[in-house]
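The next block holds one structure in the form of structure tokens; read it before the comments.
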Amino acid sequence: MADGMEGRRVCGMPEKAQLHVAMLTLQFGYAGFHVVSRLALNMGISKLVFPVYRNIIALCLLVPFAYFLEKKDRPKLTLNFVVQFFLLALCGITANQGFYLLGLDNTSPTFASAIQNSVPAITFAMAAALRIEKVRLDRRDGVAKVVGTLACVAGASVITLYKGPTIFGPTGSDHHQVVVGDGEMVMKNWTLGCVYLIGHCLSWSGWLVLQAPVLKKYPARLSVTSYTCFFGVIQFLIIAAFMERDADAWQFHSGSELFTILYAGFIASGVAFAVQIWCIDRGGPVFVAVYQPVQTLVVAIMASLTLGEKFYLGGIIGAVLIIAGLYLVLWGKSQERARLAKDAAAAADIVVRSTTTSSSSSNKQQASSAVTQPLLLPSSTSSSTENV
């Protein structure tokens, strides 16, 4: 793949360099989303109104591409698919984004981003529990994936249960109290916020695991995402009908509120999704996942500059454990893929050799039988020989 990526150039830039630039840009985009979401909550935007508007914008972006690009790949929509899309939306949109906003409201963008690094490990654990993923403890890759998963769980536990002393941060700021739109001081629960963020990661991982069998039967990724987004909007609207009855909450009171929602819809759900699909297609899922910790670093810097966020010892220790676990899981997956590719190549080589051997033995049999044939060839054969 590396050779192929070096060969393709756009504006004089090799594709490999384009992938690295795209992934760095993507991490900055996602990092901005963490900070913008926290700013939106600080301004008093409803935690139900925000995801409704965000997913409506994303749906408007996705539907045209899904309709025109996947006309041939899109199977017929049946009741069974509708139920599956509804469940995907419940897990991947409603629970995922709902838990994220509740967790972010009680913690900080840096720790929300840090805990998200555990998603590959949690996804592996879920897939292994459902026997979608095989665990081989007699191999290094299997041990690495298990140890990496345990490290991620340990890191998330440290972030949740141990805050520790302040390592770095501006003086005078207190994340136990946050001022919202009308100047009201609201108390925050750090531990509860981390529990919500773990629920967010579990929902995200569950969505990834459940999506795999759906895509096998319905191999139109953009259409699946569009249907999932549509049902997510419906679910959030139903919840908001019972939980958010204040009509004023649905109105924009400033340009800053409008900017946060547009950023979340266009950048975090629209542009970022398209860039990520291209990077996964050209660089592979491991290449994309390796860049995830860069997002945490960018979020930490941006949150410190814009929100005056403090860094705590427990969060730093937990983030290091989670990132180390992430790389162990990714290394195990890459080693497993390399081993499977090597085994497949060896099996193909055996097939080729056996085919060659049987072909040569068949030729020998034909040659020996030709000795016993009459010296005069059939008329059709001699005619074809003369034409040659």
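Quick notes on this one:
- Less than 5 angstrom separates the built amide H of PHE311 from those of ILE167, PHE168, GLY169, all sequence-distant by 5 or more or on a different chain.
- Sorted ascending by nearby beta carbons within 10 Å, beginning with the fewest, LEU102, LEU161, LEU150 become LEU161, LEU150, LEU102.
- Normalised by the number of residues in the stretch 1-139, the mean separation of alpha-carbon contacts (under 8 Å, six or more apart) gives a relative contact order of 25 percent.
- Loop-located chymotrypsin sites (Phe, Trp or Tyr not before Pro) in the stretch 269-319 (DSSP state other than H, G, I, E, B) with a sparse environment of at most 12 neighbouring Cβ atoms within 10 Å are absent.
- Amide H contacts under 5 Å for GLY164, placed H, 5+ residues apart: GLY314
- The alpha-carbon atoms of the stretch 268-314 define a convex hull whose volume equals 97 cubic angstrom per residue.
- Residue by residue, the stretch 57-62 carries 3J(HN,Hα) couplings of 4, 4, 5, 5, 6, 7 Hz when phi is fed to the Karplus relation 6.51 cos²θ - 1.76 cosθ + 1.60 (θ = phi - 60°); x denotes Gly or Pro.
- Alpha-carbon centroid distance for the pair the stretch 294-337 / the stretch 192-254, whole angstrom: 24
- Between the beta carbons of ALA345 and ALA212, assuming R0 = 35 Å, the FRET efficiency works out to 0.90 to the nearest 0.05.
- Inter-label distance for THR166 and LEU237, nm, one decimal - labels placed 7 Å from Cα along Cα-to-Cβ: 4.5
- Difference of contour (0.36 nm per residue) and Cα-Cα distance, TRP250 to ARG136: 35.9 nm
- Ordering HIS34, HIS253 by the number of other Cβ atoms within 10 Å of each residue's own Cβ, fewest first, gives HIS253, HIS34.
- The chymotrypsin sites (Phe, Trp or Tyr not before Pro) found in the stretch 88-134 include none that occupy coil by DSSP while having at most 15 further C-beta atoms within 10 Å.
- Put in line by how crowded their Cβ is, counting other Cβ atoms within 10 Å and starting with the fewest, ASP343, ASP141 read ASP343, ASP141.
- Pair-distance profile P(r), taking every C-alpha pair of the stretch 37-137, with 10 angstrom steps and integer %: 12, 29, 33, 23, 4
- Here the Karplus curve 6.51 cos²θ - 1.76 cosθ + 1.60, taken at θ = phi - 60°, turns the phi angles of the stretch 289-294 into couplings of 5, 4, 7, 4, x, 4 Hz, with x standing for Gly and Pro.
Here, each number is a calculation from the coordinates, and none is a lab measurement. Computed from a predicted model, the values in this text were never measured in an experiment. Backbone-built Cβ (ideal geometry, glycine too); neighbour counts: all protein chains shown.
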